[in-house]
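Enquirer: Pasting in a structure now, in structure tokens, and then I'll have a few things to ask.
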Amino acid sequence: MVDVAIFAADLVLPVCASPIRDGAVLVENGRVAAVGPLAEVQRERPDAEVRRFPRCAITPGAINAHAHLGFRREDKPPGGPFSDWLRELISKLPEKETWTPKAAANSAREALEAGTTYMAESSPYGECLPQLAGSGMAGTVFAEFFPGDFPGSSPEERVTAIFEKARKLREGLPPRVDCQVSVHSPYTVDPESAASAARRAREEGSVLAIHLQESPEEVEFVRGGTGGLAGIFGANTWGGRGVSPVRFFEEAGVLAPNVVAAHLATAVSEQDIETLARAGVAAAHCPRSNAYLNCGVAPVPEMMQRGVRVGMGTDGLWSGPSMNIFEETLFAVELHGFDGRTGLELATVGGAQALRIDGETGSLEAGKWADLAMVEATPSGGHPEMEVLKSAAGGGVAATVVGGNLVYDRLDT
């Protein structure tokens, strides 16, 4: 990494401020030192090397607030119903172990080449941590645990085991790569274990990732104890609570401001939104996965209106078509009728806010990490965000910078 450098393009979209024509980002020791017109930035540091990206726009790097790296396209199970897809996934787990590392590396590379600079990845017991750590991206792997893998243990014992696993996985990691814990879902983790893990995460000051109210089958299981998810991972006999999954996890003591809930796609009521807002829970929106698995449409506009922090997630290649967060966001923009500025915010600073890292990344501001995406687009109108978003969604990312380090450069011949 060069200690001091200037990245310049025809347009800079800081997200936190107005677009800058003929703009530049000054980087010192991996962080943004200044953002502004190139001429002004050069006057500040005339000795700095200038890396020019003509016919490009610079945006903050994409933040993937919910992903699964360990899947590949070629044997993707058929789409919904969700429980059928999940049973097919479970049937492939023994053979999947042989190719998961390569799949995770390929998915990480695809995300990086699509402008992703930070990823929140969830995998069983953190199995995809090596691939994220070696990708060049910053990020956190959330180690999922499944109580059925701990026969005869108490909730406290199994929770202690997964937090100890995460602690050991953190040893020797590159800077800006971390491992934390995920309570997978209301239908795989009993409420006592979920509550214990949530309490432990709050005590440690860590983020807790969960899947929540993703599918009709999950809602049926929690409300009535029946349906396609009853017994899917063994004796999950704690269903039939007569409430929504959101309310169920609230009553269990899981929901809090450090929680990022993925999907929230099925039958999310006004009461559920109020519960999420009151608890301070963030949402990771994965609309293409939700559509593929017949899970419904998350009420994202309503959640945002109530102050719920929302970021974007791709999920994995067995439920989504790509690891491109800009492509995922464009789908959401068209689904919800958002404008381009809102879309670019969702893809960048929205994800950072959801993951509680917006003081460090997500927008181009002095002091934050220099996480950048160079997008082939030169919009001339007064609202360039949509054109840039469409270009990035269509494969137009030319280069990716993580912490000031140029980790991908398609234009470098």
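We did not get these values from a lab; they are worked out from the coordinates using the rules stated. These numbers come from a predicted model, not from an experiment. So basically every Cβ, Gly included, is an ideal-geometry build from the backbone, and we count neighbours across all protein chains shown.
Enquirer: Based on the alpha-carbon gyration tensor of the range 342-413 and its eigenvalue square roots a ≥ b ≥ c, which shape applies: rounded if a/c is under 1.5, prolate if not and a/b is larger than b/c, or oblate? Show your work: numbers first, answer last.
Expert: Details: a/c = 2.01, a/b = 1.17, b/c = 1.71.
Because a/c hits 1.5 or more and a/b fails to exceed b/c, the range 342-413 counts as oblate.
Enquirer: A further question follows. What does the charge dipole of the chain about its Cα centre add up to, to the nearest 20 debye, if the Cβ of each Lys and Arg holds +1 and the Cβ of each Asp and Glu holds -1? Can you show the working numbers first?
Expert: Numbers: 36 positive and 54 negative charges, 43 e Å.
Magnitude of the dipole: close to 200 debye.
Enquirer: Another question, if that's okay. Please order Cys286, Cys179, Cys295 by the number of other Cβ within 10 Å, starting at the fewest. Walk me through the intermediate numbers first.
Expert: On the way: Cys286 32, Cys179 23, Cys295 27.
By the 10 Å Cβ count, ascending, the order reads Cys179, Cys295, Cys286.
Enquirer: 222 nm [θ] for the chain, helices only, -39500 (n - 2.57) per DSSP H run of 4+, per residue, to 500?
Expert: Computed mean residue ellipticity for the chain: -10000 deg cm²/dmol.
Enquirer: Next question. Report the calculated FRET efficiency for Arg278 and Asn29 (r = Cβ-Cβ distance, R0 = 41 Å), to the nearest 0.05.
Expert: Details: r = 40 Å, r/R0 = 0.99.
According to the calculation, E is roughly 0.50.
Enquirer: For the range 28-77 and the range 361-398, what is the separation of their C-alpha centers, rounded to whole Å?
Expert: Going from one Cα centre to the other spans 8 Å.
Enquirer: So for the range 1-97, taking the charge dipole from beta-carbon charges (+1 Lys/Arg, -1 Asp/Glu), which of Pro81, Leu38, Ala62 sits furthest toward the positive end?
Expert: Pro81
Enquirer: For the chain, what proportion of DSSP beta bridges, expressed in % and rounded to the nearest 5, is antiparallel? If you can, show how the numbers build up before the last one.
Expert: Details: 27 of 67 bridges.
Antiparallel bridges: around 40 percent, rounded to the nearest 5.
Enquirer: If you don't mind, there's one more thing I want to ask. Assuming R0 = 60 Å, what is the FRET efficiency of Val4 and Ser91, from their Cβ-Cβ distance, to the nearest 0.05? Working shown, then result.
Expert: Working: r = 54 Å, r/R0 = 0.89.
About 0.65, to the nearest 0.05.
Enquirer: With an 8 Å Cα cut-off and a minimum separation of 6 or more residues, compute the relative contact order for the chain in percent.
Expert: Numbers: 1003 pairs, mean separation 86.5, N = 413.
Taking the mean separation of contacting Cα pairs over the length of the chain, I get 21 percent.
Enquirer: Which residues in the range 130-150 place their backbone N less than 17 Å from a point set 7 Å from the Cα of Leu173 along the Cα-to-Cβ direction?
Expert: In the range 130-150, the label zone of Leu173 (backbone N under 17 Å from the point 7 Å along Cα→Cβ) covers 130-145.
Enquirer: Kindly rank 54-67, 268-281, 114-127 from highest to lowest mean number of other beta carbons found within 10 Å of each residue. Please list the in-between numbers first.
Expert: Values: 54-67: 27.9, 268-281: 17.6, 114-127: 26.3.
Descending packing order for the listed peptides: 54-67, 114-127, 268-281.
Enquirer: Which three extents, in whole angstrom, do the alpha-carbon atoms of the chain cover along their principal axes, largest first?
Expert: 66, 44, 41
Enquirer: Could you line up Ser363, Ser289 from fewest to most neighbouring Cβ atoms inside 10 Å?
Expert: Values: Ser363 21, Ser289 25.
The most exposed by this proxy come first: Ser363, Ser289.
Enquirer: Here's something else I'd like to know. Please give the length that would be gained between Asp22 and Arg199 if that part of the chain were fully extended, namely 0.36 nm times their separation in residues minus their C-alpha to C-alpha distance (nm, one decimal).
Expert: Details: separation 177, 0.36 × 177 = 63.72 nm, distance 4.89 nm.
That pair, Asp22 and Arg199, stretches by 58.8 nm at full extension.
Enquirer: From the gyration tensor of the Cα coordinates in the range 76-179, what semi-axes in whole Å does the equivalent ellipsoid have, largest first, with each one equal to sqrt(5λ)?
Expert: On the way: eigenvalues 114, 97, 24 Å².
The three semi-axes for the range 76-179 are 24, 22, 11 Å.
Enquirer: Please compute the net charge surrounding Gln353, taking Lys and Arg as +1 and Asp and Glu as -1 over other residues with Cβ under 14 Å from its Cβ. Working shown, then result.
Expert: Values: positive: Arg309, Arg356, Lys368; negative: Glu345, Asp358, Glu360, Glu365.
Here the charged neighbours net out to -1.
Enquirer: I need Ile357, Ile325 ordered by Cβ neighbour count within 10 Å, fewest first.
Expert: Taking fewest neighbouring Cβ atoms as first place, the list is Ile357, Ile325.
Enquirer: Now, a different point. Less than 23 Å apart at the alpha-carbon level, and either on another chain or at least 8 residues along: which lysines does that give for Lys92?
Expert: Result set, ordered by chain and number: Lys76, Lys102.
Enquirer: Sticking with this structure for a sec: Determine the gain in length on full extension of the stretch Ser269-Val297; use 0.36 nm per residue of separation and subtract their C-alpha separation, reporting nm with one decimal. Could you put the intermediate results ahead of the total?
Expert: Working: separation 28, 0.36 × 28 = 10.08 nm, distance 1.19 nm.
This chain segment gains 8.9 nm when fully extended.
Enquirer: Rounded to the nearest 5, what % of the DSSP beta bridges within the range 1-146 are antiparallel ones?
Expert: Values: 14 of 32 bridges.
Antiparallel bridges make up about 45 percent of those DSSP assigns within the range 1-146.
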